[in-house]
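This report concerns only the one structure given below.
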Amino acid sequence: MKERATIVCRQHDKILLVTRGRSRWSLPGGTIRRSESPIEAARRELIEETTLAVDGFTYLFEFGGLTKRHHVFLVDLPPDLTPAASNEISRCRWIRPVQVSNVITSVPTREIVRLLISHKNVTMALRTVGLGTGTAAGPQTAV
């Protein structure tokens, strides 16, 4: 099974999706190289795909697909940062998480966002970063 770093970039109440030409929209990220940790791959992929060089990644969870294991990270982007499509990425788009089901996305992207919105434990852990609803805060790990 291939290991992948996947990044949920949040700015205000929206998340960032990227696409390669006419393919489906997806969360930024890519394959973890042999010499990399998941967080190193997340940082590298975000720079390569969006030109965004940021810190403050929070590890959220592992998501297993049919052929890939996604190590999912969250990063809050300052309001003055704007992603720019780079390398194989042709477009970047901000979208509210609840609207992802209205966009043609990869299956892992759709399911990861669905988990962020609906899964009770994940939602509780994300309340302080604005992806969940309510006021209680759960544990986070910044890396």
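Summary table below
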item	result
Selection from 94, 58, 109 lying farthest towards where the dipole of segment 2-110 points positive, charges on Cβ	109
Extension gain from residue 81 to residue 67, taking 0.36 nm per residue of separation minus the Cα-Cα distance	1.7 nm
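Values quoted throughout were computed directly from the atomic coordinates according to the rules given, and no laboratory measurement underlies them. Note that this is a predicted model, so its numbers are computed, not measured. Here Cβ is always computed from backbone atoms with ideal geometry, including for glycine, and neighbour counts include all displayed protein chains.
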